[in-house]
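Right, one structure below, let's go through it.
The values are calculated or read from the model by the stated rules, or taken from the named source; none is laboratory data. As the structure is a computational prediction, the values presented were derived from the model and not from experiment. Backbone-built Cβ (ideal geometry, glycine too); neighbour counts: all protein chains shown.
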Amino acid sequence: MVEETVFLHRRSSVAHSAPEFLVYSELVQTKRPYMHGITSVEPAWLPQCAGSLCNFSEPLTDPKPFYQCKPNQVFCWVKPTFGPHLWELPLHHLVIKNNGLKVSVFAYALLEGNVLLCLKLVQDFLAAKPGSILRPEALGQRRVGNLLNKLQSRRKIICSRARLKEAWNENPQELYSEILDWFQQGFHDQFDKLWGKMHDEVHQELQGLPPQKTRKAKRQKHGSK
């Protein structure tokens, strides 16, 4: 890594745009070391293409983690920094590795209707907001603990639509009481109809579903690097 200060020539094609990050192929030494063969780099590319040179924060709670039907995984937002000077980059999302957080995010997405769309139509009948699952203090609540424990009780934890389909193929009543407990008492006599719709929908091809809309990460302003 070059330790000295290097310069952008005023005749360079990117001199007037002053990109935050760039790469160059060589240094041309005249009165000053000038970069040659320059290409501007979008900050958001660095975590994807140069992840080994980045540091990532712990998963953020805001924006909330999310589930995507394609590629059928749960993600969290992190704050990345680049290089030894820890230059800040835009928020980036990573696949969640921790099983506890993974099932919490999946449970939240499932109840909110982002895994099975039929659940999105019955949000008014829920006894609590799905987002409460993501709060650490909620783990002591019975309905939260029961659902998360059940999702983790199988040899393969239920953390995706595909895993949910596998579980229901083996036991169609898996998660019945745990999800029922999330609905108001007055909705319980309608729950079996909803349960049937959930089973029908989980067996539909994923490509038949509309694309998931996730909350956009908040943009951050950065100074030139």
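Listing for the model above:
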| item | result |
| --- | --- |
| Extreme residue, farthest from the chain's Cα centre (by Cα), among residues of region 48-57 that are under 26 Å from residue 160 (Cβ atoms) and modelled with pLDDT under 95 | 51 |
| Number of positions in region 146-162 that are under 20 Å from residue 181 (Cβ atoms) and surrounded by fewer than 14 Cβ atoms within 10 Å (Cβ to Cβ) | 2 |
| Neighbours by Cβ (under 7 Å, 6+ apart or cross-chain): first from region 121-143, farther than 19 Å from residue 187 by Cβ; second exposed (fewer than 13 other Cβ atoms within 10 Å of the Cβ) | 134/61 |
| Output for region 167-182, where each listed residue is closer than 16 Å to residue 153 by Cβ and assigned to a helix (DSSP H, G or I) | 167, 168, 170, 176, 177, 178, 179 |
| Conditions (1) exposed (fewer than 13 other Cβ atoms within 10 Å of the Cβ); (2) in contact with a helix residue (DSSP H, G or I) (Cβ under 9 Å, 6 or more places away or on another chain); (3) at pLDDT 95 or above: number failed by residue 210 | (3) |
| Residue in region 113-128 that is of a type in the set (D, E, K, R), on the phi < 0 side of the Ramachandran plot and not in a helix (DSSP H, G or I) present | no |
| First in region 33-56 and closer than 22 Å to residue 81 by Cβ, second anywhere and in a helix (DSSP H, G or I), Cβ under 7 Å, 6 or more apart | 54/46; 54/47 |
